[in-house]
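So the structure is just underneath, and the comments pick up after that.
The values are calculated or read from the model by the stated rules, or taken from the named source; none is laboratory data. Keep in mind that what you see is a predicted model, and the values were worked out from it rather than measured. Positions of Cβ are backbone-derived with ideal geometry, glycine not excepted, and every protein chain shown enters the neighbour counts.
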Amino acid sequence: MLSGLKPLGRERLWVLLLLAPTLLGLIFGAFGSVLATVGLSLFKWDLLTPPVYVGLDNFKALVNDDLFLDSLSNTVKFSFTYVPLVIVLSLAVALLMNRKIRGVSFFRVVFFLPVISSAVSVGLVWLWIYSRDTGLLNYIIVALGGEPVRWLSKQNALFSVIIVNVWGAIGEGMIIFLAGLQAIPRELYEAAQVDGATEWPIFRRITLPLITPSIFFQTIISTINAFQVFEFIYVLTRQGANSSSTPTLVYSIYRNGFNYFRMGDASAQAIVLAAIIFILTLIYFQLQRRLVFYD
């Protein structure tokens, strides 16, 4: 069948054949799930009885849904703390790992390990660290003469979860910032040093402006990750019997869909979450024109 085609035609056909599995997965897996979510948001469905069309009632109900509003508030608090911490700490680690020091490759691997580790396994380790009676953290506090802290209580759970998520995201940000730092021409640093510039002026006037594309990219990625946070919250708060203390939007979607079987409500919340991320991304791209420097 292929022998009768011209070389260019055969090449295009082979490309389509090789891309077919990915394209089918994208069409039916990604686009299909989005269309299904939009459709389900207009229905009331408990997975057991036939769906009932309710129009926009699911969206209207969110305004008076205390659990949803609480989840939205927690997600915003989480994001406003998580995103700056990830950017600052990742950049600091990247600046350290960009130096020519002995064993730097080993330390890069160590910082990146949390990114490729199983979230459930890491969450269970942190659950032990946070344990009130047998946890490592409270053991150190008691050894120093302090009182054990309930790290996963309603008052402290959000802060504790932020720490774990930031710890797990530093390695990813480090790689992104390392790529940006190593793309900066060495001649700029050499010229600045010849002129007598010290480290801080060099960082502020050369390094920082030239890694703004990396900062911009990491800000978008961190924001999306912050609004989609789920794994560590599920493992830490659910196992700690405090799942109501740190509900986030994705956790609320999960509970509505798979605990309460309110698929219409869950789909409506998923669309609201997608809309928030989309709007924030648009805002970032508008700010990019003024704040991001492309060499």
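Report yes if Arg289 is at pLDDT below 90 and surrounded by fewer than 15 Cβ atoms within 10 Å (Cβ to Cβ), otherwise no.
On the way: at pLDDT below 90: yes; surrounded by fewer than 15 Cβ atoms within 10 Å (Cβ to Cβ): yes.
Spelling it out, Arg289 is indeed at pLDDT below 90 and surrounded by fewer than 15 Cβ atoms within 10 Å (Cβ to Cβ).
Condition (residue is of a type in the set (Gly, Ala, Ser), assigned to a helix (DSSP H, G or I) and crowded, with 17+ Cβ neighbours inside 10 Å) applied to the stretch 247-260: is it met by at least one residue?
At the first step, the residues of the stretch 247-260 found to be of a type in the set (Gly, Ala, Ser) are 252, 257.
Among the residues that remain, those that are also assigned to a helix (DSSP H, G or I) are: 252, 257.
Now restrict to residues that are crowded, with 17+ Cβ neighbours inside 10 Å: 252, 257.
Taking every residue of the stretch 247-260 in turn, at least one turns out to be of a type in the set (Gly, Ala, Ser), assigned to a helix (DSSP H, G or I) and crowded, with 17+ Cβ neighbours inside 10 Å.
Show the residue pairs that are 6+ apart or on different chains and have beta-carbon atoms under 8 Å apart, the first residue being within the stretch 26-37 and surrounded by 10 or more Cβ atoms within 10 Å (Cβ to Cβ), the second being at pLDDT 85 or above and not small (Gly, Ala, Ser).
Thr37/Ile271
What pairs come out if I take residues in the stretch 111-128 that are touching a residue at least 24 places away in the same chain (Cβ under 8 Å) and of a type in the set (A, V, I, L, M, F, W, C) and pair them with residues that are assigned to a helix (DSSP H, G or I) and surrounded by fewer than 16 Cβ atoms within 10 Å (Cβ to Cβ) whose C-beta lies under 6 Å away, six or more apart or interchain?
Partner pairs satisfying both residue conditions: Leu127/Gln239.
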